[in-house]
1. From the residues in the range 53-62 that are touching a residue at least 12 places away in the same chain (Cβ under 8 Å) and either exposed (fewer than 14 other Cβ atoms within 10 Å of the Cβ) or aliphatic (A, V, I, L, M) (or both), which one is farthest from Thr37 (Cα to Cα)?
2. Step by step: first the residues of the range 1-52, then only those that are hydroxyl-bearing (Ser, Thr, Tyr) and not in a loop (DSSP other than H, G, I, E, B), then the one that is surrounded by the fewest Cβ atoms within 10 Å (Cβ to Cβ). Which residue is that?
3. Please indicate, with yes or no, whether at least one residue in the range 56-68 is assigned to a helix (DSSP H, G or I) and hydrophobic (A, V, I, L, M, F, W, C).
4. Quick check on my filter: what residues within the range 34-81 are away from the ligand (no atom under 16 Å from the Cβ) and on the phi > 0 side of the Ramachandran plot?
Amino acid sequence: MMSIGLGELLVCTVILLMPILAVVGIVLLVRGTKQKTDFGLNLSLPTGCPKCGAPLPTIRAPKNARQLLWGGWTCTSCGVELDKWGRERDRTS
Ligand SMILES: [Zn+2]
């Protein structure tokens with residue numbers, strides 16, 4: 001009689017789920033890049049602040065957890081928060 005342990009079951013589940021997670025990740029990335037959401041990849045850096053036109057630093061120094069996670073800038077000139085696409089972030093969200 002064949003028996004399977006909980007650990008084996010867990011490993012099997014993870015191995016089976018990996019390609020699904022990878023596909024979901026790629027779909028999110030591609031869709032995010034097209035629709036410019038937080039999941040997207042921005043390969044062309046925004047040139048300046050949309051509000052005051054000040055140039056943005058190439059090397060990002062995250063000012064908060066959201067910037068660390070999703071990227072983005074805080075304009076050194078006017079203090080506006082920008083997302084990775086160089087758009088002004090809604091402060092309420
Ligand atoms: Zn600015």
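Bear in mind these aren't lab numbers, they're just calculated from the coordinates by the rules spelled out. Just so you know, these numbers come straight off a predicted model, no measurement behind them. We place every Cβ from the backbone using ideal geometry, glycine too, and count neighbours over all the protein chains shown.
1. In this case the residue turns out to be Ala54.
2. That would be Thr13.
3. Scanning the range 56-68, I find at least one residue that is assigned to a helix (DSSP H, G or I) and hydrophobic (A, V, I, L, M, F, W, C), so the answer is yes.
4. Selection gives Lys36, Gly71.
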